[in-house]
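Comments concern the structure below.
The values are calculated or read from the model by the stated rules, or taken from the named source; none is laboratory data. For clarity, every value in this text was computed on a predicted model and none was experimentally measured. Note that we place each Cβ from the backbone using ideal geometry, even for glycine, and neighbour counts take in every protein chain shown.
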Amino acid sequence: MSIEFKALPIRNPNLRKNAKAKYYPQICRTRKIDIEKMCNDISRNTSLNEHAIRHVLFALESQIANYMEEGYSVDIPGIGIIYPSISGEPSDTPEGVKADKIKKVNIKFRPAKRLKQAIKHVEFKKVKKSKP
């Protein structure tokens, strides 16, 4: 298998308006695996059926959300750590940093070493035109 990529033109906004764009590789993000395919593939490699796997994945999603609402990071061995993050308005003093200054809550992901190793030696395939 390979990762498909395309050439994306990007012009440097700090240069003159008529400056030529440079082309950079960008992954084509049109390919996606749905839950049915994932459950089917997992069931073929385990003794569990697709319905049991689907229930476990939905329960996992729910539990990850619950743990992050409580401020926990969730470490899934072999996959990585999923954790909440926040950003907000700065304050001149520590006392000025309050909950109402928090403007955004986000979810971050730090992949496990094993997952990073798995994708290290991937092959790439350039596509001529981006797919709709």
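State which residue pairs qualify: first residue assigned to a helix (DSSP H, G or I) and inside the range 57-83, second residue surrounded by 10 or more Cβ atoms within 10 Å (Cβ to Cβ) and among the polar types (S, T, N, Q) in any location, beta carbons under 7 Å apart, and separation of 6 or more residues or different chains.
none
If we keep just the residues of the range 3-20 that are of a type outside the set (D, E, K, R) and at pLDDT 85 or above, which is nearest to Lys120 (Cα to Cα)?
Ile3
Which one of Glu70, Glu123 is charged (D, E, K, R) and at pLDDT 95 or above?
Exactly one residue qualifies, and that residue is Glu70.
Just the residues that are of a type in the set (D, E, K, R) and assigned to a helix (DSSP H, G or I), please, taken from the range 91-132.
Glu95, Asp100, Lys101, Lys113, Arg114, Lys116, Lys120
If Cys28 meets every condition in (1) within 17 Å of the chain's Cα centre (by Cα); (2) at pLDDT below 90; (3) more than 12 Å from Val127 (Cα to Cα); (4) not aromatic (Phe, Trp, Tyr) apart from one, which number is that one?
Condition not satisfied by Cys28: (3).
Pairs please, first residue from the range 98-109 and under 18 Å from Glu61 (Cα atoms), second anywhere and of a type outside the set (Phe, Trp, Tyr) and assigned to a helix (DSSP H, G or I), Cβ atoms under 8 Å, 6+ apart in sequence or on different chains.
Correct list of pairs: Ile107/Met68.
Among the residues of the range 31-55 satisfying the criterion of being of a type in the set (D, E, K, R) and within 22 Å of Lys126 (Cα to Cα), which is modelled with the lowest pLDDT?
For the range 31-55, the residue satisfying everything is Arg31.
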